[in-house]
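Encoded as structure tokens, the structure appears first; notes follow it.
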Amino acid sequence: MRPPRRLLLLLLVGLLPVAAWALAPPRFTGPQSRARAGANGVRGYEYETRYFRQRLDHFSFPGVEDEDDAAAFFQQRYLVGRGGGWAGPGGSIFFYCGNEGDIAWFAANSGLVWEAAPRFAALVVFAEHRYYGESMPFGSKAKAYNNSKSLAYLTAEQAIADFAVLLTDLKRNLSAEGSPVVLFGGSYGGMLAAWMRLKYPHIAVGALVSSAPILQFEDIVPSTIFYDLVSDDFRRESLSCFQTIKDSWKALDDQGNGQDGLLKLSKTFHLCQTLKTSGDLSDWLSSAYSYLAMVDYPLPSEFLMPLPANPIKEVCRNFDSQPEGTSILERIYAGVNVYYNYTGTVGCFDLNDDPHGMGGWDWQACTEMVMPMSYSEDRSMYPPYKFDYASYAEDCIKTYGVRPRPRWITTEFGGHNITRVLEKFGSNIIFFNGLLDPWSGGGVLKNISESVIAIVAPLGAHHIDLRPATSEDPDWLVSLRESELKIISGWLSDYYGASGALFQPVAVKGPSAS
């Protein structure tokens, strides 16, 4: 069994056959811009949806004859907070770097950005990542995802350049060239925020980087670390739960290889279509465990799926509470049903469902976002597997006609000797990681300098600091967020200098739009 390829950095739901894939990383106004579709919002955070005429390729100069070519540009969606709380020209801007999905989804799940903005009289901007959501080059997703030539511009470098160009244009048109920008991002968006702070230090004064595995490349961290941490989360709740999962893979294969085995598995797990291989089901289960580890929050959430507080505890309780004589696969179904159907409203499961439109991550994983993933022999609840780059590359060539460049990201953005590099060349970055989050294994977990700070939460899960605040938040989470905002306050105070004329922090009584 190989790790499923489509695991999301932030989130992906939808899987490819394990037989076909070795694991790639998770899935994670002015003359050029115009407003469309009035005001809208989520969770009470009000915003205006706008679109910016963005250049498809920032790193070439095709000639003036192409300036009128519609294919050389695309409409990038971005959201601008409403509510009148911004200090105006010169006031700060909170800018969220979009991830591998619809930007409205991330806006709904990044409450810290909205709720902190009034404290700093900041303007809130959420920018969508190219090739996701509505920000499709070539006029449609079908054309954008057509082949390797149309997908060639889906890179982290192009996305960061989009953000830089959008911000520069937005500030100019708001007469806000002097406004300091603070970048925010979680998971892949956090990686982009960190890299943007390093690549474009003149664009932003600092970055809050949440749950961003910027070290998950090459051999910087062990290739087993992600799945070891997933396994640790389940073992932490129940050794029998851990062992049930560990034993289930053989039971699944044995059932699948038996007479009418795939049909029986399809019925046991209430699938909408009959399985073609048992590997499809293995991927579906493996992804559920990974996502559960990522969002093992102490409070109910709906980030990936509607889930109870401490969902791994609930899954393990379902495993362990089944009546005597219940088969191991029936126990597994009872457990994963917590993830895939906690509301009880799903009649059957579609293994190929991708509700958030993140399929572009497969392309990114086959080009520059190569994150080696393995299963260890002892610590893991998965069968042993060692990452095989040759097989990985072969799959990418068959699927997209491209060969991965596994060393490009560290060449472009760094990663090796991260402490020395960021100590000498980096500043004003907060790296948050929750140790329950399996992506923390590829994160920055120690302070690097006075201004490159690591904040670590032993009981934290995937970018829990960015989640909307609630009255039930544990004290450690409230304190953690306050620490982050105090550091950001320091960045802005330094920027404005002694006068502090445009920096007037105010108390925040509750969630509010900027």
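Assess whether residue 339 counts as being surrounded by fewer than 14 Cβ atoms within 10 Å (Cβ to Cβ) and either within 24 Å of the chain's Cα centre (by Cα) or within 24 Å of residue 296 (Cα to Cα) (or both). No; evaluated as a whole, the condition is false for this residue.
Of the residues in the range 155-170, at least one is in a loop (DSSP other than H, G, I, E, B) and either surrounded by fewer than 24 Cβ atoms within 10 Å (Cβ to Cβ) or under 23 Å from the mean Cα position of the chain (by Cα) (or both).
When the range 289-304 is filtered for residues that are part of a helix (DSSP H, G or I) and either under 15 Å from residue 464 (Cβ atoms) or open to solvent by 40 Å² or more (accessible area, probe 1.4 Å) (or both), the ones remaining, listed by number, are 291, 292, 293, 294. Among the residues of the range 188-211, is there at least one that is open to solvent by 10 Å² or more (accessible area, probe 1.4 Å) and polar (S, T, N, Q)? No, the conditions are met nowhere in the range 188-211. Scanning the range 113-123 for residues that are open to solvent by less than 10 Å² (accessible area, probe 1.4 Å) and either more than 16 Å from residue 484 (Cα to Cα) or of a type in the set (A, V, I, L, M) (or both) yields 113, 116, 117, 122.
Is at least one residue of the range 305-314 open to solvent by less than 10 Å² (accessible area, probe 1.4 Å) and under 16 Å from residue 332 (Cα atoms)? Yes, the range 305-314 contains a residue that is open to solvent by less than 10 Å² (accessible area, probe 1.4 Å) and under 16 Å from residue 332 (Cα atoms). Do the conditions hold for residue 373, that is, is it over 20 Å from the mean Cα position of the chain (by Cα) and open to solvent by less than 70 Å² (accessible area, probe 1.4 Å)? Spelling it out, it is not the case that residue 373 is over 20 Å from the mean Cα position of the chain (by Cα) and open to solvent by less than 70 Å² (accessible area, probe 1.4 Å).
If you go through the range 264-278 and pick out every residue that is outside any loop (DSSP other than H, G, I, E, B) and either under 16 Å from residue 336 (Cα atoms) or in contact with a Leu (Cβ under 8 Å, 6 or more places away or on another chain) (or both), you end up with 6. Residues in the range 44-83 that are modelled with pLDDT under 95 and part of a loop (DSSP other than H, G, I, E, B): 44, 60, 61, 62, 63, 67, 68, 69, 82, 83.
The values are calculated or read from the model by the stated rules, or taken from the named source; none is laboratory data. Model, not experiment: these values are computed from the prediction. Cβ sites come from the backbone with ideal geometry, for glycine too, and all protein chains shown count toward neighbours. What goes into the accessible areas is simple: the full protein's heavy atoms, side chains included, and nothing from ligands, DNA or RNA. Shrake-Rupley method; radii C 1.70, N 1.55, O 1.52, S 1.80 Å.
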